[in-house]
Amino acid sequence: MTATRTQVAIIGGGPAGLLLSHLLHREGIDSIVLERQSRAHVLARIRAGVLEAGTIALLRAVGLGARMDREGLPHDGVVIAWEGRPRFVIDTKNFTGKAMMAYGQTAITEDLYAARDAAGGQIVDQADDVRLHELTAARPHVTYRKNGQTHRVDCDYVAGCDGYHGVSRQSIPATVLKVFERGYPFGWLGIMSETPPFPDICYCYHSRGFALASMRSPMLSRYYIQCDLDTTIEQWPDERFWREFKARCSQDMAAAIVTGPSIEKSIAPLRSFVAEPMRYGRLFLAGDAAHIVPPTGAKGLNLAVSDVYYLARALVENYRTGHSRALDGYSDMALRRVWGAERLSWWLTMLLHRFPDESPFEQRMRENQFDYLHASEHAQASLAEQYVGLPFED
Ligand code: APR
Ligand code: PHB
């Protein structure tokens, strides 16, 4: 067995783990990232791509903004298209003074890998069978297997950034962890196509189900439709996808959609999930390892960013001063923001989707929510404030 030492062992090389490693490095704190998959696999994953104002500001402040500012598509509002009603814009920039950006998680992950490589950061990919040991002792350690050999990393802290299916959360005793969960009776079928996007990020409610037009760049579009949980990609050739998408928008919107062959197609279930607390001894959870939001509102990546911002700040304070106040407060502070985003994503999901077993009463409630949002500047301002992202706490 080989043995190395680092200050923070980071499990998972997605956006949370890579950004944490980058933030710590800037403050002179050493880390090793252990990622189960190959780098090519991580970089091929397509996820959501709308950045909150706070995420944009943080990425700029830590030297990760150049490509985002060049290639990202700033956006100042969202459009809601309700069946049988005129489309309307919620002018988030006007209500909040803050702009958002469409910039894909895939591109952010590429930028993070480039930054870690340039700084000589240690990222071990294809690390199998990662196990966490002695998390409540003063010196925890992590083991993993690579190329048939077992390796050991001794550290001060472990950051569990290994997503929903990772080992970190599972290393916390069930008696300690409280889990809050809700499933939804549908999924999202998403496609990427090399076509000019519809000009707005547009959320459509339709009796056939939800649809969303989004974008990645001037020649890359992202579209989603609500689908049944038991459907498969094979049942959705491009032609059927486009036909269904257009059936869920108004005629003028359908006419403006430029269709083309898909370059990626995937189905994701929708889930709300929070595990509390986000700490166990010297293990700190961040990102999808601790919480999942349904994609409506695109909060998942932004939450991963705010978690690691708080966590890096707390670790820095701890290494500088020897005090553990910020580390002790990490879980509560991160969870306050998490629950805010959980509620927004849940609310948008309820508002915009067609639920199979819904009663006529519930349908009327949804229509009335929409009417209120449409008519009330206060309701729009409230949605705008949450959509651009609540501020980070000091
Ligand atoms: N050991 C090592 N790495 C692991 C393990 C494990 N046992 N299990 C999972 N991983 C890796 C995954 O391969 C993945 O690369 O951890 C990484 C977790 O990355 P993400 O799932 O992307 O999660 P996170 O970094 O928290 O990113 C936040 O925002 O838009 C949302 O869900 C979306 O992934 C996104 C998330
Ligand atoms: C996306 O572009 O992938 C996206 C945009 C907005 C959402 C969810 C996903 O609410």
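Whether any residue in segment 36-51 is closer than 30 Å to Pro74 by Cβ, β-branched (Val, Ile, Thr) and either part of a loop (DSSP other than H, G, I, E, B) or near ligand 1 (Cβ under 7 Å from one of its atoms) (or both) is what I want to check.
Yes, there is a match, as at least one residue in segment 36-51 is closer than 30 Å to Pro74 by Cβ, β-branched (Val, Ile, Thr) and either part of a loop (DSSP other than H, G, I, E, B) or near ligand 1 (Cβ under 7 Å from one of its atoms) (or both).
Residue-wise test of (1) within 16 Å of ligand 2 (Cβ to nearest atom); (2) more than 26 Å from Glu342 (Cβ to Cβ); (3) among the aliphatic types (A, V, I, L, M).
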position: Pro173; (1), (2), (3): no, no, no
position: Tyr184; (1), (2), (3): yes, no, no
position: Ser193; (1), (2), (3): yes, yes, no
position: Pro196; (1), (2), (3): yes, yes, no
position: Ser207; (1), (2), (3): no, yes, no
position: Met215; (1), (2), (3): yes, no, yes
position: Ile225; (1), (2), (3): yes, no, yes
position: Gln235; (1), (2), (3): no, yes, no
position: Ala247; (1), (2), (3): no, yes, yes
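Taking Ala3, is it over 21 Å from the mean Cα position of the chain (by Cα), away from ligand 2 (no atom under 16 Å from the Cβ), surrounded by fewer than 16 Cβ atoms within 10 Å (Cβ to Cβ) and hydrophobic (A, V, I, L, M, F, W, C)? Outline the logic, then answer.
Working: over 21 Å from the mean Cα position of the chain (by Cα): yes; away from ligand 2 (no atom under 16 Å from the Cβ): yes; surrounded by fewer than 16 Cβ atoms within 10 Å (Cβ to Cβ): yes; hydrophobic (A, V, I, L, M, F, W, C): yes.
Against the criterion (over 21 Å from the mean Cα position of the chain (by Cα), away from ligand 2 (no atom under 16 Å from the Cβ), surrounded by fewer than 16 Cβ atoms within 10 Å (Cβ to Cβ) and hydrophobic (A, V, I, L, M, F, W, C)), Ala3 qualifies.
Residues Arg320, Arg216, Arg282: which one is buried (at least 17 other Cβ atoms within 10 Å of the Cβ), under 30 Å from Val167 (Cα atoms) and away from ligand 1 (no atom under 13 Å from the Cβ)?
Details: Arg320 fails: buried (at least 17 other Cβ atoms within 10 Å of the Cβ); Arg216 fails: under 30 Å from Val167 (Cα atoms).
So the residue among Arg320, Arg216, Arg282 that is buried (at least 17 other Cβ atoms within 10 Å of the Cβ), under 30 Å from Val167 (Cα atoms) and away from ligand 1 (no atom under 13 Å from the Cβ) is Arg282.
Can you pull out every residue in segment 91-129 that is away from ligand 1 (no atom under 15 Å from the Cβ), in contact with a helix residue (DSSP H, G or I) (Cβ under 8 Å, 6 or more places away or on another chain), over 20 Å from Arg39 (Cα atoms) and not polar (S, T, N, Q)?
Once the filter is applied, which keeps residues that are away from ligand 1 (no atom under 15 Å from the Cβ), in contact with a helix residue (DSSP H, G or I) (Cβ under 8 Å, 6 or more places away or on another chain), over 20 Å from Arg39 (Cα atoms) and not polar (S, T, N, Q), segment 91-129 yields Asp91, Phe95, Lys98, Ala99.
I'd like the full set of residues that are over 11 Å from the mean Cα position of the chain (by Cα) and on the phi > 0 side of the Ramachandran plot, limited to segment 266-325.
Gly281, Gly322, listed by residue number.
Being outside any loop (DSSP other than H, G, I, E, B), more than 15 Å from ligand 1 (Cβ to nearest atom) and within 21 Å of the chain's Cα centre (by Cα): is that true of Ile80 here? Don't jump to the end; show me each part of the working.
Values: outside any loop (DSSP other than H, G, I, E, B): yes; more than 15 Å from ligand 1 (Cβ to nearest atom): yes; within 21 Å of the chain's Cα centre (by Cα): no.
For Ile80, the condition - outside any loop (DSSP other than H, G, I, E, B), more than 15 Å from ligand 1 (Cβ to nearest atom) and within 21 Å of the chain's Cα centre (by Cα) - is not met.
Which condition does Ala107 not pass, out of (1) part of a helix (DSSP H, G or I); (2) more than 25 Å from the chain's Cα centre (by Cα), if it passes all the others?
(2)
Here is a yes/no grid of residues against (1) within 30 Å of Gly209 (Cβ to Cβ); (2) more than 14 Å from ligand 2 (Cβ to nearest atom):
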{"residue": "Gly49", "(1), (2)": "yes, no"}
{"residue": "Arg60", "(1), (2)": "no, yes"}
{"residue": "Arg85", "(1), (2)": "yes, yes"}
{"residue": "Thr106", "(1), (2)": "yes, no"}
{"residue": "Ala118", "(1), (2)": "no, yes"}
{"residue": "Val124", "(1), (2)": "no, yes"}
{"residue": "Asp129", "(1), (2)": "no, yes"}
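Select from segment 150-175 the residues that are aliphatic (A, V, I, L, M) and over 13 Å from Phe284 (Cβ atoms) and write down the one among them that is modelled with the lowest pLDDT.
Initial filter on segment 150-175 (aliphatic (A, V, I, L, M)): 153, 158-159, 167, 172, 174.
Pick out the ones that are also over 13 Å from Phe284 (Cβ atoms) and you get 153, 167, 174.
Details: Val153: 98, Val167: 98, Ala174: 95.
The qualifying residue modelled with the lowest pLDDT is Ala174.
Pairs under 9 Å by beta carbon, first residue within 13 Å of His151 (Cα to Cα) in segment 118-132, partner of a type in the set (Val, Ile, Thr) and in a loop (DSSP other than H, G, I, E, B), six or more apart or different chains?
Final answer for the pair search is Asp129/Val167; Val130/Val167; Arg131/Val167; Leu132/Val167.
Taking segment 110-127 on its own, how many of its residues are part of a strand (DSSP E or B) and either modelled with pLDDT under 95 or crowded, with 21+ Cβ neighbours inside 10 Å (or both)?
So in segment 110-127, the residues part of a strand (DSSP E or B) come out as 122-124.
Filter once more, so that each one left must be either modelled with pLDDT under 95 or crowded, with 21+ Cβ neighbours inside 10 Å (or both): 123.
The number of residues fulfilling the criteria is 1.
Does Tyr224 count as closer than 20 Å to Ile267 by Cβ, within 16 Å of ligand 1 (Cβ to nearest atom), touching a strand residue (DSSP E or B) at 6+ places or on another chain (Cβ under 6 Å) and assigned to a loop (DSSP other than H, G, I, E, B)?
Working: closer than 20 Å to Ile267 by Cβ: yes; within 16 Å of ligand 1 (Cβ to nearest atom): yes; touching a strand residue (DSSP E or B) at 6+ places or on another chain (Cβ under 6 Å): yes; assigned to a loop (DSSP other than H, G, I, E, B): no.
So Tyr224 fails the test.
Scan (1) under 26 Å from Leu311 (Cα atoms); (2) in a strand (DSSP E or B); (3) not polar (S, T, N, Q) for the single condition Arg182 breaks and write down its number.
(1)
All but one of (1) under 19 Å from Arg216 (Cα atoms); (2) buried (at least 19 other Cβ atoms within 10 Å of the Cβ); (3) touching a strand residue (DSSP E or B) at 6+ places or on another chain (Cβ under 6 Å) hold for Leu311; which doesn't?
Answer for Leu311: the failing condition is (1).
The values are calculated or read from the model by the stated rules, or taken from the named source; none is laboratory data. Values in this document were obtained by computation on a predicted structure and should not be read as measured data. Heads up, the Cβs are rebuilt from the backbone with ideal geometry, glycines too, and the neighbour counts pull from every protein chain shown.
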